[in-house]
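S.K.: This is the structure I want to talk about, given as structure tokens.
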Amino acid sequence: MKEDIRTIPINDIFMEKKGCPFCTMEKMLEKIQVDYIIGDAMMEPNTRIETNKKGFCHRHFSMMQQSGKKLPNALIMESHLQEIIDALPKGKKPDKKFLAKIKELTHSCYVCDRIESNMNHLIQIVFTEWKKGNDLQNLYKDQDFICLEHYGKVLENASGKLKGKDLTDFYETTTNLFKNYLLELKEDTTYFCSMFDYRNQGKDWGKSINVIERNIEFLTKEKP
Ligand SMILES: [Zn+2]
Ligand SMILES: [Zn+2]
């Protein structure tokens, strides 16, 4: 069975209210995908053909390894290595075709690609739910924030999918979640910096205390 994302309850993700909801979505997809690849995918020759061709990024190979499933990992690696061996050039000069293949292999990841396409699918579901009205709209408005990358990604897709008032409402809500947090973060960061002034010694750090971690979370989502 292919990994099934249809069962992911969109509203539950927005109910969680822990950081950027789209980051939560992506982490969930990542876990499903890694579990699938060292689990059910072992029975799917078509998936293996694709993983042989694309390989995995360091992050996802590491996650697969951390699963502790040694034989599935080794079998995937064995056929992946064979794919590279089969492409080895025979000539005495650097082979452009082979070098291009290496470039492709080192810049592609089966798991990253699946996350990307499933993420696009889930964002479409968010728009569909948004159009239905209250339930999701209320949950959406209550989020902590939308991170920089997902603000861009979500709005890029919104224009094609939402129209009229749906689009302006969605744009306004998403922008508020993004902008308010951006301004708050800037203020907390400035406060944090000011705490290094000797005149402020002994003052309360307040919510600026973890501002560096929060900046990283907002500016760069954990790269899948
Ligand atoms: Zn995000
Ligand atoms: Zn990856």
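The values are calculated or read from the model by the stated rules, or taken from the named source; none is laboratory data. Given the structure is predicted, the values throughout are model-derived calculations rather than measurements. No Cβ is skipped: glycine too gets one built from the backbone with ideal geometry, and neighbour counts run over all protein chains shown. Accessible surface areas use protein heavy atoms only, side chains included; no ligands, DNA or RNA. Shrake-Rupley method; radii C 1.70, N 1.55, O 1.52, S 1.80 Å.
S.K.: If you go through the stretch 103-123 one residue at a time, how many are open to solvent by 60 Å² or more (accessible area, probe 1.4 Å) and within 10 Å of the chain's Cα centre (by Cα)?
M.R.: 1
S.K.: Restricting the search to the stretch 92-102, which residues are part of a loop (DSSP other than H, G, I, E, B) and open to solvent by 60 Å² or more (accessible area, probe 1.4 Å)?
M.R.: Within the stretch 92-102, 92, 93, 94 meet the criteria.
S.K.: When you check residue 55 against the structure, is it within 16 Å of ligand 2 (Cβ to nearest atom), at positive phi and modelled with pLDDT of 90 or more, yes or no?
M.R.: Judged against the criteria, residue 55 is a match.
S.K.: Kindly state which helices (runs of 4 or more DSSP H) lie completely within the stretch 119-224 and contain at least 2 residues that are under 30 Å from residue 62 (Cα atoms).
M.R.: Answer list for the stretch 119-224: 148-161, 211-219.
S.K.: Picking from 135, 144, which residue would you name as being open to solvent by 40 Å² or more (accessible area, probe 1.4 Å), closer than 21 Å to residue 8 by Cβ, touching a residue at least 40 places away in the same chain (Cβ under 8 Å) and in contact with a Gly (Cβ under 6 Å, 6 or more places away or on another chain)?
M.R.: Going through 135, 144 in turn, the sole match is 144.
S.K.: Out of all the residues in the stretch 40-57, which are open to solvent by 20 Å² or more (accessible area, probe 1.4 Å) and more than 12 Å from residue 80 (Cα to Cα)?
M.R.: Result: 40, 42, 43, 44, 45, 46, 57.
S.K.: Taking the stretch 107-118 only, how many residues are part of a helix (DSSP H, G or I) and among the hydroxyl-bearing types (Ser, Thr, Tyr)?
M.R.: Total meeting the criteria: 2.
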